[in-house]
Amino acid sequence: MVFKYLLTNLFTFLLLIPSAFASSYTDTFYRQMTKDEITWAGNQSVIKQFNCTEYLISKELKTVNGFSVVSTEPTFSQRPLFANAKVSCSISNYNSERKELTLSVDESGLINDNEYRVSHTGFNVIGGIKKGWDSWDLTCEHFSPKKDSDKTIKRCFIERSTFFIQKTPKINEIPEGYIISINKNIFKPIEKLTIDNKVFSNQSEYPFIFGKDASDAIEAMKVASDVTYSYTNPMSGSQNSDKIEPTTLELLQPAIKLLDQAYQLYKN
C-alpha cells in the first residue's frame, strides 16, 4: 500500500522535472489504456469530469472489471486551464480488497512555446513552466492569514529561489492581486526591488510589495532587464541581495500568464 501511495504521488512530482525523465517514468510504471478500458473510464463520472485526452493505467493492473474509482475533487473549476492542452489521467491500484482505484490528473502544454505542467488532483496544486533547465515553479494552496485561525483563503504563487510572486484575494487592507515577497510566508521583509535602476521600495507596514506597485514592477520586468532585490533577515538583522537572471526573466511573462489563469480557476 505504501509503495502504491508513493507511486501515485511521484507521478505528480514529475510535473517539475524535464520531460525526458517524466516520460521515462511513465513508460516504466504505466501503459496506455486499451479501447475497452477507455470505454470503461468514459463511464466513470470521477474520471469523466476531467476531460482527459490521454488515459494511462498502472502496469500492475491487469483488469478494471468490478473496480471503482475513489472520489476525487478537481482542484480547478475548469479543465483544462488552456485550450489544446494534454490532460493525462492515470489510474493506480488503491485498495485491492475493496477493488478501489485512485486517479491522478495532470495537464501539460505550451505557453509562448514554453512547456508548462500543472496538477489537477491532490491536496495542493503543483506545477510550473520551464525552458531547458530554467523554470518558475507554481503552487496553489489553502492558506490561513493568521495563526490559529480556522479561516483560510486560496492563493497561488510562482517562485524562483527566494523570489515569490503571489496572487491572493483581498486580505484586510491588502487588495486582491499580486504580492511580491521573499518566500511565501514573508518571514524576511523585502526592502526594495530594483528594475533597470528604477526602485520599487516597500513603504508600507507590510513586509512585501503589493497593489499597483507590484503590478507595475511585474510589467516593468522585461527579458533584458537588470533586476535585483534586497531583503532583511529578521533573526540576524543582516541585509541580503540577489539577482534574477536574464534566462529566468525570459520565462516570467509566460509564468505570470500561468499564475493568472491558475488563480482565477482555483479560487472559484
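The values are calculated or read from the model by the stated rules, or taken from the named source; none is laboratory data. Bear in mind that the values here come from a model prediction, so they are computed numbers and not experimental data. Methodologically, a virtual Cβ is constructed for each residue, glycine included, from the backbone with ideal geometry; neighbour enumeration extends over all protein chains shown. Ligands, DNA and RNA are excluded from the accessible area calculation, which covers all protein heavy atoms including side chains. Shrake-Rupley method; radii C 1.70, N 1.55, O 1.52, S 1.80 Å.
Classify segment 120-187 from the C-alpha gyration tensor, please: rounded if a/c falls under 1.5, else prolate or oblate depending on whether a/b exceeds b/c.
Prolate, since a/c reaches 1.5 and a/b exceeds b/c.
When the accessible area of the chain is computed with all protein chains present and a 1.4 Å probe, what percentage of it is carbon and sulfur?
Roughly 51 percent, rounded to a whole number.
Centre-to-centre separation between the Cα atoms of segment 114-183 and those of segment 41-69: 30 Å. Classify segment 196-268 from the C-alpha gyration tensor, please: rounded if a/c falls under 1.5, else prolate or oblate depending on whether a/b exceeds b/c. Here segment 196-268 falls in the oblate category. Once both labels are positioned 7 Å from their Cα atoms along Cα-to-Cβ, the gap between Glu60 and Lys146 label points is 4.6 nm. Once the convex hull of all Cα atoms in the chain is built, its volume per residue stands at 152 Å³. Centre-to-centre separation between the Cα atoms of segment 203-229 and those of segment 89-111: 39 Å.
Solvent-accessible surface of the chain, taken per residue with a 1.4 Å probe and all protein chains present: 52 Å².
Computed from the C-beta positions of Gln239 and Lys184 and an R0 of 22 Å, the FRET efficiency is 0.60 to the nearest 0.05. Using the Cβ-Cβ distance between Gln203 and Arg98 with R0 = 41 Å, the FRET efficiency computed as 1/(1 + (r/R0)^6) comes to roughly 0.10. Each label was represented as a point 7 Å from its Cα along the Cα-to-Cβ direction; for Glu176 and Lys192 these points are 3.4 nm apart. Report summary: the helix-based calculation at 222 nm, which adds -39500 (n - 2.57) for every DSSP H run with n ≥ 4 and divides by the residues of the chain, gives -7000 deg cm²/dmol. Summarising the amide proton neighbourhood of Met221: residues at separation of 5 or more, or on other chains, whose placed amide H is nearer than 5 Å comprise an empty set.
Scanning residues 5 or more positions from Tyr30 or on other chains, those with amide H under 5 Å from its amide H are Lys59, with H placed 1.01 Å from N in the peptide plane. Distance between the 7 Å Cα→Cβ label points at Ser68 and Arg31: 2.7 nm.
Based on alpha carbons, the Rg and Dmax found for segment 45-195 are 18.7, 61 Å. Between Lys154, Lys146, Lys184, the Gaussian network model of the chain with springs among Cα atoms under 10 angstrom shows the greatest mean-square fluctuation at Lys146. Here's the picture: a label point sits 7 Å out from the Cα of Asn84 along the beta-carbon direction, and within segment 110-138 the residues with their amide nitrogen under 11 Å of it are 110-113.
In order along segment 101-117, the Karplus-derived 3J(HN,Hα) couplings, from 6.51 cos²θ - 1.76 cosθ + 1.60 at θ = phi - 60°, round to 10, 10, 10, 10, 10, 9, 10, 9, x, 10, 10, 6, 6, 10, 7, 10, 9 Hz, and Gly and Pro are given as x.
Relative contact order of the chain, taken over Cα pairs closer than 8 Å and 6 or more residues apart, is 14 percent. Report, ordered by chain and residue number, the lysines lying within cross-link reach of Lys222, taken as a straight Cα distance under 24 Å and ignoring same-chain residues fewer than 8 apart. In chain and number order, the partners are Lys130, Lys131, Lys167, Lys184, Lys192, Lys198, Lys212, Lys243, Lys257.
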